[in-house]
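This report refers to the structure that appears directly beneath it.
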Amino acid sequence: MAADTPEEPAGPPDGPPVPPSRRDGDAADEPPHPAFADYATESLPAAAVGSPGKDGRLELRFAADEGGETNLVRDLARAPFHVSGTLGHDPLPEAETVYVQSPTGGVAQGDRHRIDVEVGSGAVAHVSTQSSQKVLSMERNYAAADVSLSVGRGGHLDYVPEPAILHEDSRFFQAIDLDLAADASAVVGDVVVPGRLARGERFDFERYLSRLRVRRDDALLVDDATHLRPADADPSAAGVMGEFAVVGTLYVLVPVGESDALDDLSDRLHAAATGVAEADGTSAADDRRDDTVRAGATRLPNDAGCVVRALGHRAETVTAALRAAWDEARTDLLGAGAPDSRRP
């Protein structure tokens with residue numbers, strides 16, 4: 001998690017920073033990580049990597065107008081993504097919300113998705129998904145998502161999608177790159193469900209790797225990853241996930257100069273996340289209960305912010321714990337809590 005120098009300079013002073021470039025000439029099936037190199041050599045029997053329907057693209061750009069209201073000024077969606085407009089239900093009146101939809105059954109082998117979200121100076125945006133992301137069973141190759149997030153001066157982004165459900169034999173790589181201006185903030189959430197738990201699937205996927213990198217002012221502040229391969233190491237071992245199946249992470253990135261308040265923020269995020277379980281009467285002795293959640297919070301390196309991690313038996317309980325922490329973080333950063341979920 002040491003500082004690093006990005007490949008490209010920062011963007012203009014009034015706009016969002018320019019994220020590190022993806023080389024345009026790269027082959028569509030170039031592995032994003034050495035762990036996926038063998039999968040990349042496996043050809044697909046039907047639609048090839050990069051063919052129509054496999055190469056999803058989503059671009060969202062938010063900007064604040066003269067009155068301080070945030071507007072969605074650009075949206076481009078290529079299958080399997082769909083955007084039907086914005087929702088004005090945020091507790092912060094000037095903020096804007098977009099729910100990303102998908103008409104497909106889930107993420108399939110050979111899918112390559114690219115998501116770009118830019119939040120301009122002074123804008124406040126919330127991006128989520130309509131439903132959980134199903135990563136379908138795979139026989140060959142793998143699926144990958146490349147997510148680029150950037151927030152300009154005085155802006156804020158909440159990127160909190162619904163959980164990813166890893167079906168049997170699935171292989172999925174997700175890279176999230178977040179670039180922040182000095183006084184920008186963001187909240188990024190990630191919840192992973194290791195199978196269709198109601199059907200008895202539990203850690204039957206092949207490989208899952210999700211990596212978050214946060215940059216500010218030409219420096220790499222945070223480099224964190226969740227990498228699970230049940231065939232190599234038992235996720236249910238002590239010190240990994242133990243009795244629990246679902247893992248969730250919430251990253252809270254704060255503006256520069258907030259380091260003195262981070263210990264207090266970490267304590268409040270911890271109290272919020274664990275308070276959900278305590279409200280249900282959960283004790284340390286009943287980790288096998290379906291509604292049990294274990295959560296903790298700590299500071300991120302380089303005074304970047306705080307991270308909250310939660311373990312549970314069900315996606316709903318882990319999501320609830322992280323949502324409580326998100327509400328606390330957003331109140332601290334913006335003076336308004338997290339938007340209510342629009343899911344039924």
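The values are calculated or read from the model by the stated rules, or taken from the named source; none is laboratory data. Model, not experiment: these values are computed from the prediction. Quick reminder, even Gly has a Cβ in these numbers, built from the backbone with ideal geometry, and neighbours come from all protein chains shown.
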Report task. Residues being within 18 Å of Asp169 (Cα to Cα) and modelled with pLDDT of 80 or more: count how many of those fall in region 39-55. Result -> 6
Query raised in the report: Can you name the number of the only condition in (1) crowded, with 19+ Cβ neighbours inside 10 Å; (2) in contact with a strand residue (DSSP E or B) (Cβ under 6 Å, 6 or more places away or on another chain) that Asp75 fails?
Result: (1)
Query raised in the report: For region 140-170, what are the residues that are buried (at least 22 other Cβ atoms within 10 Å of the Cβ), out of contact with any Phe, Trp or Tyr (no Cβ under 9 Å at 6 or more places or on another chain) and of a type in the set (Gly, Ala, Ser)?
Result: Ser150, Gly152
Requested in this report: Identify the residue in region 215-235 that is part of a loop (DSSP other than H, G, I, E, B) and among the small types (Gly, Ala, Ser) and, among all such residues, is nearest to Ser185 (Cα to Cα).
Outcome: Ala233
Query raised in the report: Just checking, which of Asp177, Asp183, Asp146 is in contact with a Ser or Thr (Cβ under 8 Å, 6 or more places away or on another chain) and not basic (Lys, Arg)?
Result: Asp177
Query raised in the report: Do the conditions hold for Phe203, that is, is it part of a loop (DSSP other than H, G, I, E, B) and not polar (S, T, N, Q)?
Result: yes
Requested in this report: Report whether or not Val147 is within 15 Å of the chain's Cα centre (by Cα), within 26 Å of Arg323 (Cα to Cα), in a strand (DSSP E or B) and β-branched (Val, Ile, Thr).
Outcome: yes
Query raised in the report: Of the residues Ala325, Ala304, which is among the aliphatic types (A, V, I, L, M) and out of contact with any helix residue (DSSP H, G or I) (no Cβ under 6 Å at 6 or more places or on another chain)?
Result: Ala304
Report task. Starting from region 313-334, take each residue that is under 30 Å from Glu94 (Cβ atoms) and list its partners that are assigned to a loop (DSSP other than H, G, I, E, B) and of a type outside the set (Ser, Thr, Tyr), counting only C-beta distances under 6 angstrom and pairs at least six apart or across chains. Result -> Trp326/Ala338; Asp327/Gly337; Asp327/Ala338; Arg330/Gly337; Arg330/Ala338; Thr331/Gly337; Leu334/Leu92
Requested in this report: Report, by residue number, each residue of region 73-85 that is in a strand (DSSP E or B), at pLDDT 90 or above, over 15 Å from Gly122 (Cβ atoms) and not basic (Lys, Arg).
Outcome: Asp75, Leu76, Ala77, His82, Val83
Query raised in the report: Counting only residues that are free of Cβ contacts under 8 Å to residues at least 60 places away in the same chain and at positive phi, which one in region 196-247 is surrounded by the fewest Cβ atoms within 10 Å (Cβ to Cβ)?
Result: Gly239
Requested in this report: Please specify each residue of region 248-257 satisfying the condition of being crowded, with 18+ Cβ neighbours inside 10 Å and either over 23 Å from the mean Cα position of the chain (by Cα) or in a strand (DSSP E or B) (or both).
Outcome: Gly248, Thr249, Leu250, Tyr251, Val252, Leu253
Report summary line: In region 315-343, anything in a helix (DSSP H, G or I) and of a type in the set (A, V, I, L, M, F, W, C) is listed as Ala315, Val318, Ala320, Ala321, Leu322, Ala324, Ala325, Trp326, Ala329, Leu333, Leu334
Query - Sole residue being of a type in the set (D, E, K, R), under 16 Å from Ser150 (Cβ atoms) and at pLDDT below 85, chosen from Arg22, Arg61 - result: Arg22
Report task. Examine region 171-189 for a residue that is buried (at least 17 other Cβ atoms within 10 Å of the Cβ), more than 24 Å from Arg323 (Cα to Cα), at pLDDT 95 or above and charged (D, E, K, R), and state whether such a residue exists. Result -> yes
